[in-house]
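Worksheet for the structure shown next.
Every read-out reported here was derived from the displayed coordinates using simple, explicitly stated rules and does not represent laboratory data. Since we're looking at a predicted model, the values are computed, not measured.
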Amino acid sequence: MTAFSLEPGHVTWCEELRTLAAGRLRPLAERGEPGRVNRPLLAELGALGLPARLFTSGALDLCLMRESLAYSCTEAETALALQGLGAHPVHAHGTEPQRARWLPRVADGSAVAAFALTEPDAGSDAAALSLRAARDTGADAGAEGPEAGASPAPLTAAPDGTSAWRLTGEKCWISNAPEADFYTVFARTTPGAGARGVTAFLVPADRPGLTGTPLDMLSPHPIGALAFDAVPVTAADVLGVPDRGFRVAMDTLNLFRPSVGAFAVGMAQAALDAALAHTGARDAFGGKLRDLQAVSHQVAEMALRTEAARLMVYAAATAYDTGAPDVPKRAAMAKLLATETAQYVVDRAVQLHGARALRRGHLLEHLYREVRAPRVYEGASEVQRGIIAKELYRTQQPTEEAGA
């Protein structure tokens, strides 16, 4: 791991995390069931105090945690990250009662959080959400929300004190669903208003009308679909400001996108180290594999790209922690470069190992399955390129075109 821009204490802490992940977390991960929430693993993460650090540390610490855990135990890394993703909107935008009820349980691993943004027809285009929050005011319960351009109805409880809104629709590809204990849910409160008509809600899993189905995915962590059948929510469930939920989502993603890059860097480093060990020990063609220039140059390229991605991740995290104005661009750059790099490095490591790396249970077989999803979730690579271009043009100084 590079020491560039890191204090000695950071380097020591990362080494400790790698050791803890290998010794205490990996055995629990190996006993877990793929595609299911591993609650013993979450409890152990809580005992180590790692989820609590999600709410007290900055973006750089989050990246260092994710990179270090990913190097030794991707399951532990993902379990921690999903807790943070689902609970960060509560920490950053929730009310005191919301935080008091849920954050201590997230911290000790007794409650599972989930971030419910994506829908079957609204993945990368998050502003196109269609999960509907219909106004519920007793006699006119179930009525449509306000027309586009109209002021949203106030989020007040119905006369009987029950619900202010009813959520109807679907969410899909939601990590930790359907086993989470609560969901940060983004729903449309003002039809036709695009990103300005979305509200974030904290929805406990036991709300009537909320059901879920697990999905069998390539990634080993739990992913599912959610169905909302007139699920009641009140003003007390709102996270942030009504009709400004898109900002809650983007604030969360700007923090977590660089750390997705850190997850990718951890996997890339593990694959690189495996390739170094294998090519340094493997006898072939009268020498070691590393003696072949075609091999050594591939390893050099893997190391080059991994280090470049790591530095960009650290730079994006530092920009977030210091309140820099270019966080969206840096976050997108970090996620894009790191996830694409990890895909390349893991693939090259598999190639250098040959068939043994494809055997079920091999480290690289595991990484090969894990490394694909980060290029898609929390904004696909194509979306990151769009964000980068948008930010570049937004900040471009006006110039007089040639010949004008």
Pulled fully out, how much extra length does the chain show between Arg31 and Glu7, if you take 0.36 nm times their separation in residues and subtract their Cα-Cα distance? 5.1 nm
Using each residue's phi in segment 390-396, evaluate 6.51 cos²θ - 1.76 cosθ + 1.60 at θ = phi - 60° and report the 3J(HN,Hα) Karplus result to the nearest Hz, with x for Gly and Pro. 4, 5, 4, 6, 5, 9, 5
Segment 247-394: radius of gyration and largest Cα-Cα distance (Dmax), Å: 17.2, 60
Residue by residue through segment 351-366, the couplings from Karplus 6.51 cos²θ - 1.76 cosθ + 1.60 with θ = phi - 60°, in Hz, x for Gly and Pro, are 4, 5, 7, x, 4, 4, 6, 8, 6, 4, x, 5, 3, 6, 4, 5
In cubic angstrom per residue, the convex hull of segment 8-108 built on its Cα atoms measures 89 Å³
Based on the inverse mean of 1/r over its pairs of different Cα atoms, what is the Kirkwood hydrodynamic radius of segment 161-221, in Å? 13.4 Å
Direction-averaged shadow area of the convex hull around the Cα atoms of segment 264-329, nm²? 5.0 nm²
Can you list the lysines whose alpha carbon sits under 19 Å from that of Lys390, skipping same-chain ones fewer than 8 residues off? Lys329, Lys335
